[in-house]
1. Quick one: is residue 268 closer than 24 Å to residue 206 by Cβ and in a strand (DSSP E or B)?
2. How many residues are crowded, with 18+ Cβ neighbours inside 10 Å and either β-branched (Val, Ile, Thr) or assigned by TED's automatic domain parsing to the domain that holds residue 568 (or both) if we restrict to the range 381-411?
3. Which residues, taken from the range 221-261, are among the β-branched types (Val, Ile, Thr), within 30 Å of residue 328 (Cα to Cα) and in a strand (DSSP E or B)?
4. With respect to residue 86, determine if the residue is farther than 21 Å from residue 132 by Cα, assigned by TED's automatic domain parsing to the domain that holds residue 131 and not acidic (Asp, Glu).
5. Check 150, 171 and return the single one that is surrounded by 12 or more Cβ atoms within 10 Å (Cβ to Cβ) and either out of contact with any Gly (no Cβ under 8 Å at 6 or more places or on another chain) or not polar (S, T, N, Q) (or both).
6. Please determine whether any residue of the range 173-183 is within 30 Å of residue 33 (Cα to Cα), under 57 Å from the mean Cα position of the chain (by Cα) and assigned by TED's automatic domain parsing to the domain that holds residue 141.
7. Cβ-Cβ under 7 Å, sequence separation 6+ or interchain: first residue in the range 220-247 and under 14 Å from residue 180 (Cα atoms), partner among the acidic types (Asp, Glu) and part of a loop (DSSP other than H, G, I, E, B). Which pairs?
8. State whether one or more residues within the range 232-253 are among the polar types (S, T, N, Q), surrounded by 13 or more Cβ atoms within 10 Å (Cβ to Cβ) and within 20 Å of the chain's Cα centre (by Cα).
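The values are calculated or read from the model by the stated rules, or taken from the named source; none is laboratory data. Keep in mind that what you see is a predicted model, and the values were worked out from it rather than measured. All Cβ positions, glycine included, derive from the backbone under ideal geometry; neighbour counts span all protein chains shown.
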Amino acid sequence: MKDTRFSYFMAGRICAAACVVFLLTGRTGAQTNEMHLVGEPQKLTSDIVAKKDIQGRFCSAVQVISDLQGLSYDSNMGVVAVDAKPGKDMVYLSPDERVLEIFCTGYAPIKIILTEIGITLKEKEVWKIEITGEKKLAEIPIVVLSKPEGATVFIDGQPLGNGRNFQVSSGKHTLRLTLDGHRPITQQIDVSESSTLFEYAFEMLEPIMVTITSNPDGAAIYIDDVNDGQTNKQLFRFPGEYKLRVSKDKYETIDQTITVSETGKNTWAFNLVKTTAILMINTTPPDAQVWINGELKSVKTLEVAPGKYRIEVKKDSWYGDSRIVTMEKGQDQTQTFTLRQMTGILQLVVEPMETQVIMKQGNQEIDTWSGSKYKKDIPVGQYTLQFSAAGYGDQTKTIMIKENETASLNVKMERTATPASRPALSSGSLDMVFVKGGTFTMGDVWGGGDGDEKPIHLVTVSDFYMGKYEVTQKQYQQIMATNPSNWKGDDLPVEQVSWYDAVEFCNKLSQKEGLSPCYSGSGNNMRCDFTKNGYRLPTEAEWEYVARSSGRDDRKWGGTNSESNLGTYAWYLSNSDSKTHPAGTRQPNDLGIFDMSGNVWEWCWDWKGSYSSSGQTNPIGPTSGSFRVLRGGCWLNYAGGCRSADRYFNAPTYRYYYLGFRLCKSGGD
C-alpha cells in the first residue's frame, strides 16, 4: 500500500466531518460458505513417521479433523506430503513453516497463521486441529463514504478493502475504518435493507518516534514485512499495531506485535540469543592437525551450530586423540588435547671414546656428549649426528629413530692426513682443473626448485679450466694487498668481496702472471673477452656444469645426489658452526673440485635474467641488468640453498661475510 500518512501530515491537521452513507442497492442472492477452526489446537504425544523436506530436515505434521470432504492444502514453503483419510488428513510441513491454507470446494479458503493459534512446528512433532464449515447469512450491498477518502474498511475484524461498495450480512456488526496518519474509527452498526448509508470524520495523527535496539546491534528490522534498516535505530510510525521482526545471522529471530502509542517511550530493546557457539581447540604440540567430523580444519577456533561433533587431533610421529563434544546454543567451549610422542632408542658405539657427538634434527641441536651412548625416549624421526675428535677427520651420519625400536650405529673415526700432504692452497699459485666441455640440461631437472630455475634447457659449453678451490684469503691478500674477510685465516675462503673486487683480482693476477686480462671497461659497462687467456669468473652455465660433475643429472649437490650425505661434501648450516672453514677440507666432487656446495657463495659473470627454453652454446647471460649471479650456497644455508641449480643474486657492489669467488680460464693455454 502506498504510504500517504506524511502527505496528509505535511498538508496540515485537517479534521473535517465526513458522512458515511449506506445505500440500498439490491440483493445479489449470493452466499459464501466459510470454514473455521473448532476449539484449541492440541499437541499429540506420538512422533510422526520420518519424512524429510527438500532440505533434508525431518518434517512436522498437522492432523486436520473435519466433517468437510475433499480438503486440499498449501503453505508458504509448500506442503511436503498429505496422508488423506476420511475425516482425518495428516499434512506434513517443514519444521519452520508458519502458515497453513486449507481449501474446499464451495467454501472460502481459510489461512491459518500457526504461531497466532499457539502452534510452533518442530521436527517430528504432531499437532491436531479441527475444521468445520458454515453458510453466511444473506448479504446486503452497502456503500461506504469517508473523508478523507481511501479508508480501509473492516467488518467484525475482517478487512473488506478501501473501496466504497461492500456486501455485508444483515444484522449488527462492528465497523472499523483506518487511514494511515489518522485515528481509527470504530462504530457499532445495524445493517438492514433500510440502513445502508453511514458517514464518519477522521482525526489526523502525528508520527511517533520509535526506538529499536539490539545487543549485538546490526540486526535487520522488518516492520510489517518491510525492511526498515538495522538496529540500533530511531524511526517514525503513526500510533497503531505493527508486526516487528528483528533478525541477525547466527542469532534467533524475534517476531512480535508492537503497539506504538501516543504516550510512553515506544522503545524496544532486545538481547539476541545466539544459535551458534564458539569451539576453541588447544593442542600440544601446537602444530597438530584438527579434524572435525572427518574434515580437516585450517583454524582451531570455530563457530558451530548446536549438535555433536567428533574431534580428532593428529600429528605424524605422535599418538592421536579423539573425543565427542556436544555443543549447546550460545555456550562456548574450550577443548584441550595433549598428544604423546612416539619414541625409540639410539645405541651408539664410537671410537675413539673422546669423540665429541652433536645430535641435531634439522638445524636444531638436540643433545651433545662424548663417546658411546645408549639414549632412550628419543622422538621418532630423522636425526643428524656430527662426530669430531682432535687428529681425526669429522664425520656426519644420518639415523632414523622408529617407534619402539632401537637404532644401532657404530662409528670409527679416521685419522686426518698430515699437514704436509694437504694441497698447498696458500702458496700463491692457483690450482686449476681442466674441464672437458659438453652438453647438459641446465636448470632444476629434479623438481621442487625455485621458479627462476626453469625452464630447463640444453646448454653446450666449450673446454675450460675451473679453480680447484675457492680463492683463499692469503691468495687474495698477495694480489690485492688487503684482506676484507670477517673470519681471518690464510686458508679460509676470502669473503666480504664485491663482484667488482673479484673482477679486479682476476685482471691483476692475469697481469702478474703475464696473461692477457679478460676484463675492460668499468661499472655497468664492464666487458669480458672470453678469447683472452687471463683469469675470469665462470659463467653461470660453466659453474653449474662443474657443480654437477660435467652436467650429471644425479648430482643435485656438488658431489652427491643425497641430502643425507651432503655434510661429506659441503660446509652448510647443519655442520658449519655458523662460520667459514678452510677451502678443500670436505670431499671434492667427481671432477676433483672442492666446495662447489657451501662455504661461501661464488660470484659468476652473468647478469641475473630469466632462462630461455631454447638450446644455447656458451651462454653468457643478459647484456645488462641490476644484479650479478651468485652460486653454490654458503655456511648459513639449509641444504636447499646449496643445490647445484639454485640461483642467488645481488648488486655487484655488495659485500658480505658469505660472498666469495673462484677463478676460471677459457680452454687452451
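1. yes
2. Total meeting the criteria: 4.
3. 221, 246, 254, 257
4. Judged against the criteria, residue 86 is not a match.
5. 150
6. yes
7. So the pair list comes out as 238/180; 239/262; 242/224.
8. Looking through the range 232-253, none of the residues is among the polar types (S, T, N, Q), surrounded by 13 or more Cβ atoms within 10 Å (Cβ to Cβ) and within 20 Å of the chain's Cα centre (by Cα).
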